[in-house]
Amino acid sequence: MVVTTPGATTIDDAQAFRLGYVPGVTPSKWVRIWAERQPGVRLDLVALDVAACADAVGGGRIEMAITRLPDALNHGDAGAVHTIDLYDETTVVVVPRDHVLTAGDELTMADLVDEQFLWPSDEPLAVTGRPGAAVDHRPETTGDAIELVAAGTGLLLVPQSLARLHHRKDLVYRPVTDAPTSTVGLLWPSPTTELADEFIGIVRGRKATSSRGRADPAPKRSAKEKAAAKRAAREAAGKIPGKSSRRTTGRPKRR
């Protein structure tokens with residue numbers, strides 16, 4: 001998917017920012033803001049599996065990836081990189097709609113000890129102390145695993161966004177409250193380029209007028225300006241120099 005700004009002139013690859021993203025991640029809001037702030041730089045969206053992100057970053061095929069951390073760094077060689085955690089995703093178990101586990105709104109790892117689980121090769125969730133038993137067959141992708149869950153082969157633990165992405169009417173999912181969460185973050189090579197820094201600012205909510213998210217320092221005031229400011233503050237508090245702040249009673253002064 002390539003996002004371009006309407007009316008923009010032809011842009012070569014040197015003026016493009018290639019952003020990788022993994023299934024379940026929705027960068028559309030940030031892409032829209034980029035188009036407003038960087039009309040002269042094309043933003044190319046590159047769909048990747050989590051396992052492909054490190055090599056894509058290390059090989060220079062993309063400038064940055066929105067991926068699952070630290071899972072992405074466990075595959076391939078990204079070289080010298082920087083990362084920023086953005087948010088955590090709830091882990092859910094995907095089960096057939098008529099499965100006994102659907103009786104509860106939430107589950108724990110202990111509820112899953114007697115189940116058979118599918119662990120796809122593009123596994124987006126690194127779970128230590130995996131519950132239950134692993135099915136002998138390991139599907140290639142999460143999408144393949146979803147098909148096998150529907151066929152009754154086993155259950156699947158995934159980040160909630162992937163359960164939504166692969167939604168089927170014959171499957172449901174339940175949060176697993178004590179399962180490890182999945183962290184979505186930014187991954188990019190070192191050193192940080194100006195365009196990479198611009199995208200980081202967009203994701204962090206930095207305003208277009210700000211400089212790297214920091215306000216410009218206030219100009220120093222002269223001694224005269226400081227004195228005038230102090231006088232204005234005293235006047236606002238009713239303490240004008242040369243005037244008494246004592247209340248008058250209306251009685252004549254004693255001589």
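Projecting the Cα positions of HIS137, THR153, ALA103 onto the charge dipole of the stretch 91-180 (unit charges on Cβ atoms of Lys, Arg, Asp and Glu, taken about the Cα centre) puts ALA103 furthest along the positive direction. Seen from LEU69, the other residues with C-beta closer than 13 Å to its C-beta sum to a net charge of -3, counting Lys and Arg as +1 and Asp and Glu as -1.
When +1 charges are put on Lys and Arg Cβ atoms and -1 charges on Asp and Glu Cβ atoms, the dipole computed for the stretch 91-180 relative to its Cα centre reaches about 200 debye. In the distance distribution for the stretch 137-198, Cα-Cα pairs more than 17 Å apart total 54 percent. Local charge for TRP30 was computed over the other residues whose Cβ lies under 13 Å away, with Lys and Arg +1 and Asp and Glu -1, and equals +3. Overall dimensions of the stretch 91-180, expressed as equivalent-ellipsoid semi-axes from the Cα gyration tensor (√(5λ), whole Å, largest first), are 16, 15, 13.
Since every read-out is calculated from the coordinates, none of them should be taken as a lab result. The model shown is predicted, which means the values in this text are computed figures rather than measured ones. A quick note on method: Cβ atoms are made from the backbone with ideal geometry, for glycine too, and the neighbour counts reach across all protein chains shown.
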